[in-house]
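For reference, the structure is listed below as structure tokens.
The values are calculated or read from the model by the stated rules, or taken from the named source; none is laboratory data. Values in this document were obtained by computation on a predicted structure and should not be read as measured data. Here the Cβ positions follow ideal geometry from the backbone for every residue, glycine too, while neighbour counts run over all protein chains shown.
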Amino acid sequence: MKIHEIYKKNKINKKPTISLEIFPPKKSGKIEMIYQALDDLGSVQPDFISVTYGAGGSQVADSTLDIAVCIKEEYGIESLHHLTGIAASGEEFQNSLKAIKERGVENILALRGDLPMGIKEVSKAYPYAKTMITDIHEFGGFDVGAACYPEGHIELSSTTENMDHLRQKEEAGANFFISQLFFNNDSFYRLLDDARASRICAPISAGIMPILNRSQVEKMIFMCGVSLPSKLIKLIHKYEHDVTELRKASLDYALEQIDNLLAHGVDGVHVYTMNRPSVAKTALRRYKG
Ligand code: FAD
């Protein structure tokens, strides 16, 4: 099923679209962990599960596809295959699309990606995600999602350009958007207002990530340029030396964010699970009934 149809069906039924993100483990031996997580998540049936795509070579890329196929075939849940273009030639990109289509995956999240260590040059074919979106539609047979940034992309200082670039992705054919994680819902509501004022109509899901520990948050801040509200900083400070309590408190914080987003009538919520089923299960049990 195409993901835009899921958003459409849920909208008619006045329900939000709840999705999850998982990532393939870096070492192929740890792939079992993912299947255990999926076993755990099977019972709560999210609307779709997305699988990230590293720029780390064919083994990682293959496991993204294997996991996306497994989600669809073994668990009966729609899957969304992330795909990056920053290091790909036109031919490599076409080969990836061919492989994904042959295995029956129907949805791709088109991402420029970030340059992997050791590679200095951006792909001439895909300097921006919008070019990938055009090519995926030309290839045919896929729904295409794209990323959006409530606080602006880290390389960008102007909010006007943030909206221009989002509009270009919709014009290229993006069927839906998933946001970068954020910890202050007001930034997402501003993005929604700006997008709708700019006549961007595709559904936009809010990206929520329950934090696991202080170092993970620090990494995210510098990688993504997201800001931390003082309430969350105080919480991290309070439980800095007690991981269990920190995870409990941060899950409550994320659930509060989701409650507020759903009360606001957002199209969807996308939970960055960090491959931890307990987090996603708590969220899903609460929102999928
Ligand atoms: P783009 O939309 O191409 O934007 C990249 C930069 O270029 C931005 O600063 C943008 O404002 C600017 N820009 C866009 N168009 C133009 C233009 N016409 N002229 C000038 N500047 C322009 N990374 C991975 O490696 N693997 C993943 O699986 C992955 N999953 C992600 C999932 C989500 C939901 C999100 C939000 C991000 C994900 N990322 C992933 C990270 C993503 O690859 C990075 O944020 C990357 O830096 C930007 O990707 P993009 O597709 O948004 O790029």
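Confirm whether Val60 is of a type in the set (A, V, I, L, M), at pLDDT below 95 and either outside any loop (DSSP other than H, G, I, E, B) or surrounded by fewer than 21 Cβ atoms within 10 Å (Cβ to Cβ) (or both).
So Val60 fits the description; yes.
For segment 111-158, name all the residues that are in contact with a His (Cβ under 8 Å, 6 or more places away or on another chain) and more than 8 Å from the ligand (Cβ to nearest atom).
Within segment 111-158, Asp143, Val144 meet the criteria.
Just give me the residues in segment 118-137 being part of a loop (DSSP other than H, G, I, E, B) and either of a type outside the set (Phe, Trp, Tyr) or under 18 Å from the mean Cα position of the chain (by Cα) (or both), in sequence order.
If the condition is that a residue be part of a loop (DSSP other than H, G, I, E, B) and either of a type outside the set (Phe, Trp, Tyr) or under 18 Å from the mean Cα position of the chain (by Cα) (or both), then Gly118, Ile119, Lys120, Glu121, Val122, Ser123, Lys124, Ala125, Pro127, Tyr128 are the ones that fit.
Condition first: surrounded by 14 or more Cβ atoms within 10 Å (Cβ to Cβ) and more than 17 Å from Tyr128 (Cα to Cα). Now tell me which residues in segment 87-96 satisfy that.
Within segment 87-96, just Ser96 meets the criteria.
So the check is Cβ under 6 Å with 6+ separation or different chains; which pairs have a first residue in segment 10-30 that's modelled with pLDDT of 95 or more and surrounded by fewer than 16 Cβ atoms within 10 Å (Cβ to Cβ) and a second one that's aliphatic (A, V, I, L, M) and assigned to a strand (DSSP E or B)?
none
In segment 38-57, which residue that is farther than 11 Å from Leu20 by Cα and surrounded by fewer than 17 Cβ atoms within 10 Å (Cβ to Cβ) is modelled with the highest pLDDT?
Asp39
Check off (1) part of a loop (DSSP other than H, G, I, E, B); (2) of a type in the set (Gly, Ala, Ser); (3) under 16 Å from the mean Cα position of the chain (by Cα) for Ala68 and give me the number that stays unchecked.
Exception for Ala68: condition (1).
Which is without any contact (Cβ under 8 Å) to a residue 40 or more places away in the chain and on the phi < 0 side of the Ramachandran plot, of Ala125, Ala110, Ala146, Ala129?
Among Ala125, Ala110, Ala146, Ala129, only Ala146 is without any contact (Cβ under 8 Å) to a residue 40 or more places away in the chain and on the phi < 0 side of the Ramachandran plot.
Would you check which residues across segment 159-169 are exposed (fewer than 14 other Cβ atoms within 10 Å of the Cβ) and more than 9 Å from the ligand (Cβ to nearest atom) and list them?
Result: Thr160, single match.
Step by step: first the residues of segment 250-275, then only those that are modelled with pLDDT under 95 and assigned to a loop (DSSP other than H, G, I, E, B), then the one that is farthest from Cys148 (Cα to Cα). Which residue is that?
Filtering segment 250-275 for residues that are modelled with pLDDT under 95 and assigned to a loop (DSSP other than H, G, I, E, B), the one farthest from Cys148 (Cα to Cα) comes out as Asn275.
For segment 228-240, enumerate the residues that are modelled with pLDDT of 95 or more and outside any helix (DSSP H, G or I).
If the condition is that a residue be modelled with pLDDT of 95 or more and outside any helix (DSSP H, G or I), then Leu228, Pro229, Tyr239 are the ones that fit.
So that you can scan it fast, the table gives a plain yes or no per residue for (1) surrounded by 18 or more Cβ atoms within 10 Å (Cβ to Cβ); (2) under 26 Å from His4 (Cβ atoms):
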| site | (1), (2) |
| --- | --- |
| Leu191 | yes, yes |
| Arg196 | no, yes |
| Ser205 | yes, yes |
| Met220 | yes, no |
| Gly225 | no, no |
| Pro229 | no, no |
| Tyr239 | yes, no |
| Asn260 | no, yes |
| Ala280 | yes, yes |
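Select from segment 100-113 the residues that are touching a strand residue (DSSP E or B) at 6+ places or on another chain (Cβ under 8 Å) and of a type in the set (D, E, K, R) and list them in ascending order.
Glu106, Arg112
In segment 138-187, how many residues are under 16 Å from the mean Cα position of the chain (by Cα), under 20 Å from Ser227 (Cβ atoms) and aliphatic (A, V, I, L, M)?
4
Examine segment 73-93 for a residue that is within 26 Å of Leu284 (Cβ to Cβ) and part of a helix (DSSP H, G or I), and state whether such a residue exists.
Within segment 73-93, one or more residues are within 26 Å of Leu284 (Cβ to Cβ) and part of a helix (DSSP H, G or I).
Going residue by residue through segment 107-122, is there one that turns out to be under 21 Å from Ala146 (Cβ atoms), surrounded by fewer than 17 Cβ atoms within 10 Å (Cβ to Cβ) and aliphatic (A, V, I, L, M)?
Taking every residue of segment 107-122 in turn, at least one turns out to be under 21 Å from Ala146 (Cβ atoms), surrounded by fewer than 17 Cβ atoms within 10 Å (Cβ to Cβ) and aliphatic (A, V, I, L, M).
Which of the following residues is under 22 Å from Gly54 (Cβ atoms) and either touching a helix residue (DSSP H, G or I) at 6+ places or on another chain (Cβ under 7 Å) or surrounded by fewer than 16 Cβ atoms within 10 Å (Cβ to Cβ) (or both): Ala172, Ala99?
Of Ala172, Ala99, the one residue that is under 22 Å from Gly54 (Cβ atoms) and either touching a helix residue (DSSP H, G or I) at 6+ places or on another chain (Cβ under 7 Å) or surrounded by fewer than 16 Cβ atoms within 10 Å (Cβ to Cβ) (or both) is Ala99.
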